[in-house]
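Single-structure report; data block below.
Taken together, the values in this text are just the output of simple stated rules run on the coordinates, not laboratory data. Keep in mind the model is a prediction, meaning the values are calculated, not measured. Cβ atoms come from the backbone with ideal geometry, glycine included; neighbour counts cover every protein chain shown.
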Number of protein chains: 2
Amino acid sequence: MARRNTNRRVGIADVARMAGVSHATVSRVMNGNAAVDPDIAARVRAAAAELKYQPNPVGRSLALGKTDTIGIVVPDLANPTFQAILRGLSIAAAQDGYRVLIADSSEVTSEEAILAGEARRRCDGVVLCAPRMGDAELEELAPTLHPLVLINRTTVASNTPSLSVDYSQGIQELATHLVSLGHRKIAYLEGPLHSASNRQRLAGLEQFQAKHPDIELQFLEAGSNFDSGHDATDAVVASGATGILAFNDLVAMGLLSGLHERGIRVPEDISVTGFDDIPFARYTMPPLTTAAVPINELGSLAWRRMREQMQQSADATEAEESAQDVFEPRIEIRRSTAPVSLPVG
Amino acid sequence: MARRNTNRRVGIADVARMAGVSHATVSRVMNGNAAVDPDIAARVRAAAAELKYQPNPVGRSLALGKTDTIGIVVPDLANPTFQAILRGLSIAAAQDGYRVLIADSSEVTSEEAILAGEARRRCDGVVLCAPRMGDAELEELAPTLHPLVLINRTTVASNTPSLSVDYSQGIQELATHLVSLGHRKIAYLEGPLHSASNRQRLAGLEQFQAKHPDIELQFLEAGSNFDSGHDATDAVVASGATGILAFNDLVAMGLLSGLHERGIRVPEDISVTGFDDIPFARYTMPPLTTAAVPINELGSLAWRRMREQMQQSADATEAEESAQDVFEPRIEIRRSTAPVSLPVG
DNA sequence: TTGAAAGCGCTAACAC
DNA sequence: GTGTTAGCGCTTTCAA
């Protein structure tokens with residue numbers, strides 16, 4: 001006996017007893033699975049209503065082998081990007097009767113695999129946002145997590161659907177925009193060094209440099225949040241660059257505030273761009289030129305891909321090529337970028 | 001037989017077979033509960049490692065009567081306030097090995113009770129943010145949800161811990177701040193009409209009016225997000241008020257952008273205040289004067305109260321008076337408020 | 001159409 | 001110290 005019968009909630013047995021039928025019949029009525037005599041069904045329903053019976057999801061899960069829950073692993077819930085993905089995912093999943101379980105790795109990369117595994121055991125699938133996990137580790141992990149949807153990562157292992165943003169393309173367009181405004185000295189405020197999306201931006205800038213060998217391109221360390229942008233202010237000023245490509249909107253906003261404190265005007269003295277187009281980007285001072293990522297769609301598409309995979313598993317229709325969705329950012333030109341000003345004198 | 005044995009994951013039975021012991025022994029080793037012969041324990045551990053065995057949480061949950069999961073019901077995951085609470089809760093709960101399950105009611109008040117009930121059945125407790133739910137409904141619902149923690153609501157039913165912000169006090173301080181700057185015509189941009197926290201602000205303003213009968217106080221309809229603030233711009237201008245108390249930071253930011261579009265300067269022409277001090281409030285144009293709510297603490301304290309309740313239930317130490325925590329907002333004066341300007345001429 | 005019974009994977013009481 | 005067994009609450013097979 002695993003449990004003392006203290007504090008028992010009403011279970012299927014209570015309804016069965018009250019309606020004078022077996023558990024099985026109650027189950028059938030509740031799920032509308034098999035045909036049940038209308039009179040009996042009515043009796044069962046009445047008893048269920050009377051007792052306010054609601055099936056215990058844990059018992060169902062064990063019997064059914066599914067939890068109607070999916071997990072999402074995010075590196076940092078404070079990041080608007082992941083908040084938006086979470087929201088889109090949660091709303092889309094709810095429409096199909098699924099709930100979302102959160103696992104926040106708090107940027108501790110070494111925990112991600114463990115969290116993801118644990119989430120998978122509790123859930124029917126996992127959406128993994130693990131920008132800093134090594135490729136090898138991801139490749140090893142992916143098959144054990146199936147059904148799995150990857151955000152901003154791809155892996156060769158076990159055809160896993162992935163949704164990603166073409167950061168390379170976006171940053172190139174932003175850089176080109178600066179060039180078209182006459183900027184010749186441009187600095188990139190790098191994101192976390194091991195972040196996959198930072199690497200993509202770097203790759204994009206390499207292509208950009210190849211096309212524009214005359215542009216002086218510098219690389220400055222920063223990070224992925226407000227503070228790292230703010231802390232990079234001195235380095236930005238020292239660089240002498242007139243156009244700054246920040247890793248993302250948060251970094252750009254931190255920089256904006258740092259420049260403002262030093263009395264450096266944007267865009268008159270320095271042009272600044274962000275990335276992501278978070279909701280607040282249009283309300284910064286000045287409004288931020290950035291690359292817009294359709295972030296809400298990411299969440300809902302993640303759910304669609306998850307559902308497709310779960311159906312495939314159910315049908316045993318394996319081996320279907322899984323989708324690799326790539327979102328192209330759209331450049332949003334606002335007021336933080338302007339033609340380069342001529343040196344005084 | 002509930003399941004065809006397709007696609008079986010490795011279970012406790014496999015480990016038991018491999019180690020040549022019973023399920024029970026494997027369970028004992030995995031949980032470190034009872035004393036087990038060291039040699040046998042080693043054999044079990046080796047088998048578990050070999051098979052990469054991880055206990056199935058659903059089975060555990062059913063046997064233990066607990067899921068190590070708590071649910072949170074929020075009206076809108078797009079709202080930074082709830083994002084912050086979710087985050088604080090998730091991080092704090094994770095520290096004790098608990099996960100968070102999300103239920104986003106998408107502002108559909110009629111769904112909240114259902115969502116909360118469903119969340120409670122899947123989880124060991126529920127944190128409920130339901131600002132628009134009627135008092136009567138809440139009072140009826142609360143006992144069925146226990147352990148329950150209420151955010152920004154209280155209920156007389158079944159002593160339920162609640163965390164709330166003293167919006168009344170905060171809005172009075174903000175109003176007083178405007179008065180001290182010389183403003184005599186003040187308008188309040190109302191939040192959702194049925195929101196409990198809006199009612200608190202109204203109550204606070206009533207007290208304020210009593211203390212300052214000479215101040216002309218107007219009430220304008222708005223809402224709780226950017227757009228409602230933006231849409232209220234014309235009404236604000238028409239009101240002739242020089243000091244605006246927005247329902248929250250989002251509304252204030254929407255208004256800021258609306259005023260800017262019309263060439264009305266803040267704070268020179270109109271002073272604007274927000275509420276909440278969301279992370280972006282200091283980066284608006286101009287930086288927003290607001291009432292700071294220690295929002296991250298709210299989430300972690302919610303977890304603490306939840307844990308206390310769960311322990312009480314376990315100890316059957318019922319009837320202990322449950323905490324009603326009230327957070328006092330701290331006024332954060334930035335640049336969106338300034339002395340009222342003298343009428344020209 | 002219905003009930004009895006097995007089983008989902010696990011924990012814990014009980015007997016040895 | 002260890003195995004046997006009951007039971008958590010449910011679904012589904014099987015036999016009637």
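Worth pointing out:
- With Cα atoms, 0 to 90° folded angle of helix A:38-51 axis to chain A main axis: 60
- With the simple spin-label model, which puts each label point 7 Å out from Cα in the Cβ direction, the A:ARG17 to B:ASP96 separation comes to 3.3 nm.
- Across chain B, Cα-Cα pairs more than 30 Å apart make up 49 percent of the total.
- A:TYR98 sits among other residues whose Cβ lies under 9 Å from its own Cβ, and their net charge, with Lys and Arg +1 and Asp and Glu -1, is -1.
- Label-point separation, A:ALA235 to B:GLU328 (7 Å along Cα→Cβ), nm: 4.2
- Residue among A:ILE331, A:ILE40, A:ILE270 with the largest mean-square fluctuation in a Gaussian network model of chain A, springs linking Cα atoms under 10 Å: A:ILE40
- Kirkwood's formula applied to the C-alpha pairs of region B:58-134 gives a hydrodynamic radius of 12.8 angstrom.
- The residue of chain B whose Cβ sits closest to the rotation axis that maps B onto A, together with that distance in whole Å, is B:MET285, 2.
- When the Cα gyration tensor is reduced to axis lengths a ≥ b ≥ c, the ratio a/c is 1.5 or higher for region B:136-196, and with a/b above b/c it is classed as prolate.
- Fraction of antiparallel bridges per DSSP, the protein assembly as shown only, in percent to nearest 5: 15
- Sequence-separation-based contact order of chain A, relative, with Cα cut under 8 Å and 6+ spacing, percent: 16
- Here A:ARG17 yields copy-to-copy label distances, from shortest upward, of 3.8 nm, the label point defined as 7 Å from Cα along Cα to C-beta.
- The length gained on full extension between A:GLU321 and A:ALA46, counted as 0.36 nm times the residue separation minus their Cα-Cα distance, comes to 94.2 nm.
- Region A:186-282: trypsin sites (Lys or Arg not before Pro) falling in loop per DSSP and having at most 14 other Cβ within 10 Å: A:ARG262, A:ARG265
- Prolate/oblate/rounded call for region A:167-293, Cα gyration tensor, a/c under 1.5 rounded: rounded
- Under DSSP loop assignment and at most 14 Cβ neighbours within 10 Å, longest GluC sites (Glu not before Pro)-free interval of chain B: B:1-267
- Local electrostatic count at B:ARG132 - Lys and Arg +1, Asp and Glu -1, tallied over other residues with Cβ under 9 Å: -2
- Built amide H within the under 5 Å cut-off of A:SER164, gap 5+: A:ASN152, A:ASP325, A:VAL326, A:PHE327
- Nearest-20 debye value, region A:167-293 charge dipole, Cβ charges on Lys, Arg, Asp, Glu: 240
- Residue by residue, region B:281-298 carries 3J(HN,Hα) couplings of 4, 7, 10, 6, 10, x, x, 8, 6, 7, 9, 7, 9, x, 5, 5, 4, 4 Hz when phi is fed to the Karplus relation 6.51 cos²θ - 1.76 cosθ + 1.60 (θ = phi - 60°); x denotes Gly or Pro.
- Peptide B:232-242 shows a mean partner chain C-beta count of 0 within 10 Å per residue C-beta.
- Loop sites in region B:152-194: trypsin sites (Lys or Arg not before Pro), DSSP, at most 15 other Cβ within 10 Å: B:ARG184
- Nearest-ten-degree value, helix B:135-145 long axis tilted from longest Cα axis of chain B: 20
- Placing a label point 7 Å from the Cα of A:THR109 along the Cα-to-Cβ direction, the distances to the matching points in the other copies come to 4.9 nm, shortest first.
- Per-residue shielding of A:257-263, expressed as the average number of other chain Cβ atoms within 10 Å of the residue Cβ, stands at 1.
- Of B:ALA46, B:ALA238, B:ALA175, the residue with the greatest mean-square motion in the GNM of chain B, using alpha carbon springs below 10 Å, is B:ALA46.
- Distances between equivalent label points of A:ALA42 across the copies, with each point positioned 7 Å along Cα→Cβ, amount to 6.9 nm, shortest listed first.
- Bridgeable lysines around B:LYS52 (alpha carbons under 26 Å apart, same-chain partners fewer than 8 residues away excluded): A:LYS66, B:LYS66.
- Average beta carbon contacts from partner chains per residue of B:48-55, 10 Å cutoff: 1
- Residue-averaged [θ]222 nm for chain B, counting only DSSP H segments that reach four residues, each worth -39500 (n - 2.57): -14000 deg cm²/dmol
- Amide hydrogen proximity for A:GLN218: with H placed 1.01 Å from N in the peptide plane, the residues at 5 or more positions away or on another chain lying under 5 Å are A:ILE186, A:ALA187, A:TYR188.
- Local electrostatic count at A:ALA48 - Lys and Arg +1, Asp and Glu -1, tallied over other residues with Cβ under 13 Å: +3
- GNM remark for chain B: springs join alpha carbons under 10 Å apart, and the peak mean-square fluctuation among B:ALA232, B:ALA24, B:ALA63 falls on B:ALA24.
- DSSP-loop trypsin sites (Lys or Arg not before Pro) across region B:53-128, with at most 16 other Cβ within 10 angstrom: B:LYS66
- Helix B:167-180 axis, angle to chain B major axis (alpha carbon atoms, nearest 10°): 30
- Student exercise, the protein assembly as shown dipole from Lys, Arg, Asp, Glu Cβ charges, in Debye to nearest 20: 1900
- Computed from backbone phi, the HN-Hα couplings of region B:325-340 come to 8, 10, 8, 8, x, 10, 5, 10, 8, 10, 9, 7, 10, 7, x, 5 Hz, rounded to whole numbers (Karplus: 6.51 cos²θ - 1.76 cosθ + 1.60, θ = phi - 60°; Gly and Pro given as x).
- Centroid-to-centroid separation of region A:190-204 and region B:53-119 [C-alpha atoms, Å]: 33
- Amide H contacts of A:ARG99: A:THR69, A:ILE70, each under 5 Å away and 5 or more positions distant or on a separate chain (H built 1.01 Å from N in the peptide plane; Pro and chain starts excluded).
- Debye, to nearest 20: dipole size of region B:216-345, +1 on Lys, Arg Cβ, -1 on Asp, Glu Cβ: 560
- Pairwise centroid distance, computed over Cα atoms, of region B:124-189 with region A:11-38, Å: 42
- Cα shape, the protein assembly as shown, gyration tensor, a/c 1.5 rule: oblate
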